[in-house]
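See structure below.
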Amino acid sequence: MNTLVLLIIIFIVVVAASFVGFHFAYKYFAMTVELKEQKQKVQFLKEKVEEVIRRNRREGK
C-alpha cells in the first residue's frame, strides 16, 4: 500500500514537472519566433530608409 501511494505521488510530480517544462519551452520558442519577425521588420524598414536617403541625394534634397 505504501509503495503504491509513493509511486502515484512520484508519477504526479513527474507529469507536473513535464507540463511546466513544456510550458517554458513553448514560451521560449514563441519568443524566439517573435524576435525573428521583429528583426525582419527592422531590416525591411532599414532598407526603405536607405532607399529614401539615396533617392533624396540623387534629387539633391
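Points worth noting:
- For segment 46-61, a residue qualifies if it is open to solvent by 100 Å² or more (accessible area, probe 1.4 Å) and modelled with pLDDT under 95, and the qualifying residues are Arg54, Arg55, Arg57, Arg58, Glu59, Lys61.
- Cross-chain or 6+ apart pairs with Cβ under 6 Å, segment 8-23 first and at positive phi, then polar (S, T, N, Q) and open to solvent by 90 Å² or more (accessible area, probe 1.4 Å): none
- The residues on offer are Phe29, Phe11, Phe22, and the sole one that is at pLDDT 95 or above, surrounded by 10 or more Cβ atoms within 10 Å (Cβ to Cβ) and either touching a helix residue (DSSP H, G or I) at 6+ places or on another chain (Cβ under 7 Å) or not acidic (Asp, Glu) (or both) is Phe11.
The values are calculated or read from the model by the stated rules, or taken from the named source; none is laboratory data. As the structure is a computational prediction, the values presented were derived from the model and not from experiment. Neighbour counts run over all protein chains shown; Cβ positions are idealised from the backbone, glycine included. Only protein heavy atoms, including side chains, enter the accessible area calculation; ligands, DNA and RNA are left aside. Shrake-Rupley method; radii C 1.70, N 1.55, O 1.52, S 1.80 Å.
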